[in-house]
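> Below is a structure I'd like to ask you about.
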Amino acid sequence: MLRSVTGIALMSVGAVLLCAPASGWNESELARQVRGLEMNGDVRGARQMLQRALRSNPRDAATLALWAAFLDQRRDPGAREAYEQFLALPALNPDLRRDAGRRLALLELIAGDRQAAERRLANLPSPPVLPSASEAGSGLPMKPIYIPGPMRGFSRMAALSPDLLPNDVMGALTRNVVMNGYHAVGGSESLEQTEYLKLVLRYLSQARELEKFAGESRQIHLPECDSAQTGELLKILGFRMRGGCGADVVLETVNASRAFLSMDSGFPLAQLEEALRTNRPFSHDWSPTQIPVLYGPEYWLSARERFTGETIDAFLGDPSLCRLYLGLVKLDPETAEQVRQHMPVQRVRAFAHVFDFFGGMFQLRNGRVVAPGGERSAAAWADLVGSHPNEGVVFVEKLVTKDDGWMASYFDALSRISGPAVDYLTEPNRMKRFYTALRGRITSPGPARPVFRANTDLMLLTTRIHVLSDGRPHIPGGIDVWKQLFIKHPHGKYDGKLTRAASGWSQPDDVVEALFALSRKAVENEPLKIFLTLTDIDRRRERPLESATVDRLAREFRAYGAQYSLFTEAPSLSDATILQFMDAASAVSSIRNNVMKADAAGTMQALTGLWQVFVRQGLLPAAQADAVLAGLVEPFTTRIRNDQDLFDAGRDGVFALLKATGAPAEVNPHDRMIDLLAGAPDARDEESLGLLRTQMLRVFEAQRLVSLKVIFDLSEHLESLSRGEKLNTALLNRLASRVSDLNLPKASLTTTEKNSFSFGYWTERHLDAQRKLNFRAVIDRAGGNAEKLREARGLLAPLLRDTLVGLLYIHYAPPGAQILYTNSLFARSHDFIGIQGTQQTWKSTEVLGTGWPSSAGGRLVGSLSTLPYALAEAEQNFLIPSREQALIWGDLVPQMLVSAKLPRWWRVTPGQTHWVGLHLRLGEAALAEAALSPAIRTDVLGLLDRFAQPARWKRVAAHLEQAQVAQAIEQVTPSEFYHLGALVIEKQLDVPGGLHAKIAELANADPERHNHAAISAAFGTPKPTLANSLRPQLLNLRTFPTLMGYSSRILAETWESSNLFYAALSDELGYRPSQLNLLIPEWTQRTVEQIFATHLEDWPALLRSMHVIAGQIRTETRKSQALEEQASLE
Amino acid sequence: MISRYSRRQLIYSAAAAGMARLAAPVWSQSPTFTVKVDMVVLSFTVTDNKGRYINGLKPSDFRILEDGIPQKVSTFAEGNRPPVQIMEDGSVRPFQASETGDETRGGISTDAFVGTNVFVLFDTSNYMYRGFVYASDAIADFVRGLDRADSVAVYTFSRNLNRTAKLSSDRNQVLQGLRNAVAGDEAALYNALLLSLRDAAKVPGRKVVIVFSNGPDSASMVAPDDVRAVAEDEGIPIYVISTSDMNRDPISTGVFRRLSSRTGGKTFFAKTWQKQVEAFEAIREDLGNSYTVTYYPQPNPNEGFRRITVEVLTDAARRYRVSARPGYRPRTT
């Protein structure tokens, strides 16, 4: 339903009343003032102004309407009451009454209060009827099976999150069995149960014994300590009593394996012990737990299996059955039902792996398959698959069974994308051509055979290919570059057949076809990485890179590719500067002395890293970015012959950076650098800035680095000494004391132990040189020789390198960091050389040395290109899960920490956070309205189809059809709500509540800041893997699955909800945007610590955690705000 | 043991003390980083040449030195008895909380010195899988046997730390938490020990950390030496009960010994349940037979490691052996 222009005015109760006349307060003036306060971030002031207005005229319709709209837009729990007060006013304009009533009903549905909504709607003129809520159609048909004992014990043993919804338990369990339950024995095909699965089975056995013990009452009951059953129970549990009944009784282990199960499953042993000690009865419910199973046991088990054992045991004992379950449970209900009816279970079972990995994107609507490319591509799909999409499940069957999963993976990859890329890739001729290339001649093993899905490259290619406005793909540098790369690759041929074919390439499709062909290989796909990286560099450039530049970048990708994100982040860089960077990197690599090479690489990378930060933060004018980078790297291209050259290059680089950021000539370089890294030298929020500075300086002190000021003062002093001026003893002492601290802590292991176990020879050399540094002695030895004194500044080069590297460590220090405060040599120990033979100087940053007690702790190795992620990876295990058994999530958590720490929000305006909050609210409102209006529902679900996978989409649709708005909302992520809100506006859908008007008002007030590009830059997340850039951005992609080679790292990069959600939360609670610089890292840490996930794709667990933490923050903030308000009144 | 309170701090200025770096402002506009020396809390035991505890010594029987500089002791306590205050003339009187200020304003309450805050760090990684339940029994016995004045926390760890039972004097609560422990995967012993020390450092009064582990560390990012330095500086003795054979893992054995000896604790190799119980008993004895003194350090230009010496002044002192931490580094804030 499209909304009319005149309708807009009626959509907002608050907006309509802005111009209404009233007594006491001039409403237009009040609204204007409130808006002004809101735009300045003074939400509390706006609230107080409205409250004062209400106190002076509590029954004024305009003020009440304004108040209700204000609370509604900020999700205040008082919004419903405010609307009720408004509706209670006599003689209200009927249109306003209708709009307010409808909005209130929607809020009640959002809050899950269906009855209140029904009552409210009944009072409206021509009321919409809420559809009845029923279980039918709400998802896949499930039937229960039973396991002995409570869910909690089983969950603990099977590593399932206690937050799982009942319908999701079996899917999570089967996934765990598939992933962790079995391992191959030796080199054979046979599988053996892992310890994990053995413990689950042992637990079930013990639980059945306890069930028998509990009897028909299902209660484990001991009337008293001395009862006859006590011994029997304790025997099952693996314990016995030490001491007779009474105060001294203690439970002690008698059977370790049983006792382990009792304890690990969370049996209430402490309560049992207490009951025995106090001679009180002990009771514990041991009723069996119902677990819903898709289609019930009869579908999965043969009659004999059903007769001989429990369903749960059949699943645990058969990983292929688990895989089958996992495959079917991911399908949308209609597809699943059709598959069940059409395909015999044994046939489905043979292709369970394909269903598991690629079935999630199959979608049947009214018996037809929704295929990528729509009608235009349907015939091509029919040709490829052997069945037309209109044939529904027949098409699905042929798709799955065709070629061991290649066709299904192709369908899956194309189903996930939208926009020009899908138009390009689904052109019928191309589709066939690219599929043929992807499939190859030998189809086995298919992409669904390994534990992780192996179509990573295919998904990256289809997602990140850049299709230009003329419908052709962008080929960086032109086709000739790629022809030459394939024909004359410096590191050997990629593929013999492609090398032969390359000489005939003339069209972009030829190159893309080759990339599809390489995507099927399980080995490193370097050409695709080069192609996507260079595509990303060109994506935002006004003029694409020249062919010669692309050619060099492609040929030297293996050596320097990790550095290219620098070029992606600054689209204004000239080809000359990029090539100069390559020259400099190459020159540094050719330095033979490893100690000096490490210092040179560290200094150059740190300088360019600082430049990258300043460009990202907008502290360095875009017009100067190119010239500054060129100036920074120029000395490294030829001039680094000794430490003096290196020091001069580092010092000049620092001053060039400071000058470019507008620093006055006489500024303290260290102070200014910290200011810049904090992100806001001119921030108005001194309190937040001061706290951030303090955090940064604490790390600086903990790392015992030497300040830039001291280093530069000393070098100047050496210069002045060479001119015959007097020695500054205080300055020398200051440096000496800093350097002498390096002696602590000493390693507790002997030299032999260290040599046996530790690594980082060149790092130790670097540290030792600083330990031995005695400047006073150097000056004495120079004996007034001017040249020698000048040369002595070279000794400062390693110190300068450490300080510059350390400043980047400090800038990216993740929340909850401990190493940076504990290991005072951590930044200094950065190993730019790496383990012998690995040539890691320009590679991505990696964590090494974990769990090596003799290595002086773990350290970071490689370049600084992915420092933020590596730091977060190193620090993540210091976060303390707030819930038992919760696991910190290997690849997702570092990305979350980086997303919280890398962006800065000093330049974000209150209007921008409000913009985000309103969009999320509008997305929710659209979903709620969809429950009332079938026409809106069709539109909204059509929009949601772009984000949600078919099964989830069907769940949302089913909930909306039954007016279960709160349940539908739970299925949608904050980033999806944000984009849904944007699309609702773009498509002009008729969603009441005044949110449209408010957003339009913001857009008009500040069009430069209140638009999606600005919000993407402010609240997006860095995507080093997916977009080859640390620049925060929103890509609005479907959340990726885990992928071979990346685990959940790309999934994490497609998770864009956190910062948007926190921005909306800060708007709701009236925080200043500048406070986000401290709050988002803190809230992210709390969210991570709250996550209780079952598996690597369990992003709903992350969503749940965010909501829990948001609830806590709301409570804490509102409590303190209430106290503050009370105090101010007093 | 050394601990810190915010009641008083000595900020040495370069001008006053003639020290080069101490008060040099790193940040000229807002934060100033200085070396801050708070009140030092030092615990130690005195044994004779047969290893028997020597009890009943008086404040005047000791002399405390830091880098050879005699210190003026403020309070003195033996075992879990309430502390006494040492007056200017050397006389003693019961320690009054009111005299040192309201705790909420940074003062110290009498309770802070009564009893010990015991942090038990229980390894639930794969390495401890087989001994998990026996270890739990031994820890439960230890918790039950602690002095009523003591508070205890039980933390577990594998790859991450888990605050299984937060610091409490309620034994049932602690045991409930202990019995709720869950087995984990990799062992990040030194990471977990560091986090436990950080928690312990926030608590006023005497505290110790007892590590119950079989040794190998497969996931830590921090080195034992860095962790030990934190324990030294915070004044927290580390006791280690290793369930592994001391000859099987020489690296961990060496590290454990150094960790404990440098912090004023002890290491026990207790492979059997009985040995584990005995180890806990020995730790309990250590806690009950220690002396605790507090003092504010006299001016000292050394901003690095300050060596502490405890001298016994009685006639029989030659036969006595004092076990105390060797020193600490003043904190930079």
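The values are calculated or read from the model by the stated rules, or taken from the named source; none is laboratory data. None of these values were measured; they are calculated from a predicted model. Glycine gets a Cβ as well: all are built from the backbone with ideal geometry, and neighbour counts include every protein chain shown.
> Checking the structure you have, find out if any residue of the stretch A:867-874 is touching a Gly at 6+ places or on another chain (Cβ under 9 Å), within 11 Å of chain B (Cβ to nearest Cβ) and of a type in the set (Asp, Glu).
Within the stretch A:867-874, one or more residues are touching a Gly at 6+ places or on another chain (Cβ under 9 Å), within 11 Å of chain B (Cβ to nearest Cβ) and of a type in the set (Asp, Glu).
> Determine if the stretch A:970-979 includes at least one residue that is at negative phi, surrounded by fewer than 19 Cβ atoms within 10 Å (Cβ to Cβ) and outside any loop (DSSP other than H, G, I, E, B).
Yes; the residues of the stretch A:970-979 include at least one that is at negative phi, surrounded by fewer than 19 Cβ atoms within 10 Å (Cβ to Cβ) and outside any loop (DSSP other than H, G, I, E, B).
> In addition: Which of the residues belonging to the stretch A:685-726 are touching a Lys or Arg at 6+ places or on another chain (Cβ under 9 Å) and part of a loop (DSSP other than H, G, I, E, B)?
A:ASP685, A:GLN703, A:ARG704, A:LEU705, A:VAL706, A:SER707
> To continue, here is another question. Of the residues in the stretch B:144-160, how many are within 16 Å of B:VAL240 (Cα to Cα) and within 11 Å of chain A (Cβ to nearest Cβ)?
3
> If you go through the stretch A:149-163 one residue at a time, do you hit one that is charged (D, E, K, R), outside any helix (DSSP H, G or I) and surrounded by fewer than 19 Cβ atoms within 10 Å (Cβ to Cβ)?
Scanning the stretch A:149-163 turns up at least one residue that is charged (D, E, K, R), outside any helix (DSSP H, G or I) and surrounded by fewer than 19 Cβ atoms within 10 Å (Cβ to Cβ).
> With respect to A:ASP675, determine if the residue is under 22 Å from A:LYS788 (Cβ atoms) and of a type in the set (Asp, Glu).
Spelling it out, it is not the case that A:ASP675 is under 22 Å from A:LYS788 (Cβ atoms) and of a type in the set (Asp, Glu).
> Would you point out which residue out of A:ARG1031, A:ARG1009 is assigned to a loop (DSSP other than H, G, I, E, B) and under 29 Å from A:TRP611 (Cα atoms)?
Only one candidate qualifies: A:ARG1009.
> Still on this structure: On the given criteria, is B:ARG306 of a type in the set (Lys, Arg) and either over 18 Å from the mean Cα position of the chain (by Cα) or over 23 Å from B:SER260 (Cβ atoms) (or both)?
When the stated conditions are applied, B:ARG306 does not pass them.
> Out of curiosity, is A:GLU687 within 13 Å of chain B (Cβ to nearest Cβ), surrounded by fewer than 17 Cβ atoms within 10 Å (Cβ to Cβ) and among the acidic types (Asp, Glu)?
yes
> B:LEU195 fails exactly one of the following numbered conditions: (1) facing chain A (nearest Cβ under 8 Å); (2) more than 15 Å from B:ARG163 (Cβ to Cβ); (3) crowded, with 23+ Cβ neighbours inside 10 Å. What is the number of that condition?
Tallying (1) facing chain A (nearest Cβ under 8 Å); (2) more than 15 Å from B:ARG163 (Cβ to Cβ); (3) crowded, with 23+ Cβ neighbours inside 10 Å, B:LEU195 fails exactly one: (2).
Here is a yes/no grid of residues against (1) part of a loop (DSSP other than H, G, I, E, B); (2) over 30 Å from A:ARG1009 (Cα atoms); (3) at pLDDT 95 or above:
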site	(1), (2), (3)
A:GLY857	yes, yes, no
A:LEU871	no, yes, yes
A:GLN876	no, yes, no
A:GLU884	yes, yes, no
A:ILE888	yes, yes, no
A:VAL898	no, no, yes
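> If you scan the stretch B:168-188, which residues turn out to be basic (Lys, Arg) and more than 8 Å from chain A (Cβ to nearest Cβ)?
Answer for the stretch B:168-188, where residues must be basic (Lys, Arg) and more than 8 Å from chain A (Cβ to nearest Cβ): just B:ARG171.
> Moving on. Pull up the stretch A:844-855, narrow it to residues that are in a loop (DSSP other than H, G, I, E, B) and under 23 Å from the mean Cα position of the chain (by Cα), then point me to the one that is farthest from the other protein chains (Cβ to nearest Cβ).
A:SER844
> Right, B:ALA223: within 9 Å of another protein chain (Cβ to nearest Cβ), hydrophobic (A, V, I, L, M, F, W, C) and touching a residue at least 40 places away in the same chain (Cβ under 8 Å) or not?
no
> Looking at the stretch A:856-866 only, could you name the residues that are out of contact with any helix residue (DSSP H, G or I) (no Cβ under 6 Å at 6 or more places or on another chain), more than 10 Å from chain B (Cβ to nearest Cβ) and not aliphatic (A, V, I, L, M)?
A:GLY862, A:THR866
> Tell me the strands (runs of 3 or more DSSP E) entirely within the stretch A:248-326 that contain at least 2 residues that are free of Cβ contacts under 8 Å to residues at least 40 places away in the same chain.
A:250-253
> Any residue in the stretch A:633-650 that is part of a helix (DSSP H, G or I) and within 14 Å of chain B (Cβ to nearest Cβ)?
Within the stretch A:633-650, none of the residues are part of a helix (DSSP H, G or I) and within 14 Å of chain B (Cβ to nearest Cβ).
> Sticking with this structure for a sec: Only one of these is more than 14 Å from chain B (Cβ to nearest Cβ) and without any contact (Cβ under 8 Å) to a residue 60 or more places away in the chain: A:ARG793, A:ARG781. Name it.
A:ARG781
> Right, next: If you check A:ALA997, A:ALA926, which single one turns out to be small (Gly, Ala, Ser), touching a strand residue (DSSP E or B) at 6+ places or on another chain (Cβ under 9 Å) and closer than 22 Å to A:ARG98 by Cβ?
Exactly one of A:ALA997, A:ALA926 is small (Gly, Ala, Ser), touching a strand residue (DSSP E or B) at 6+ places or on another chain (Cβ under 9 Å) and closer than 22 Å to A:ARG98 by Cβ, namely A:ALA926.
> Another question about this same structure. If we keep just the residues of the stretch A:377-392 that are in contact with a Pro (Cβ under 7 Å, 6 or more places away or on another chain) and in contact (Cβ under 8 Å) with a residue 24 or more places away in the chain, which is surrounded by the most Cβ atoms within 10 Å (Cβ to Cβ)?
Of everything passing the filter in the stretch A:377-392, A:TRP381 is surrounded by the most Cβ atoms within 10 Å (Cβ to Cβ).
> Scan the stretch A:802-839 for residues that are hydroxyl-bearing (Ser, Thr, Tyr) and in a loop (DSSP other than H, G, I, E, B) and jot them down.
Of everything in the stretch A:802-839, those that are hydroxyl-bearing (Ser, Thr, Tyr) and in a loop (DSSP other than H, G, I, E, B) turn out to be A:TYR812, A:SER824, A:SER829, A:THR838.
> Sticking with this structure for a sec: Of the conditions (1) of a type in the set (Gly, Ala, Ser); (2) part of a loop (DSSP other than H, G, I, E, B); (3) touching a Gly at 6+ places or on another chain (Cβ under 8 Å), A:GLY653 clears all except one; give me its number.
Against the list (1) of a type in the set (Gly, Ala, Ser); (2) part of a loop (DSSP other than H, G, I, E, B); (3) touching a Gly at 6+ places or on another chain (Cβ under 8 Å), A:GLY653 comes up short only on (2).
> Right, another one. For the stretch A:1048-1090, which residues satisfy the criterion of being in contact with an Asp or Glu (Cβ under 7 Å, 6 or more places away or on another chain) and buried (at least 24 other Cβ atoms within 10 Å of the Cβ)?
Matches in the stretch A:1048-1090: A:SER1048, A:ALA1052, A:SER1074.
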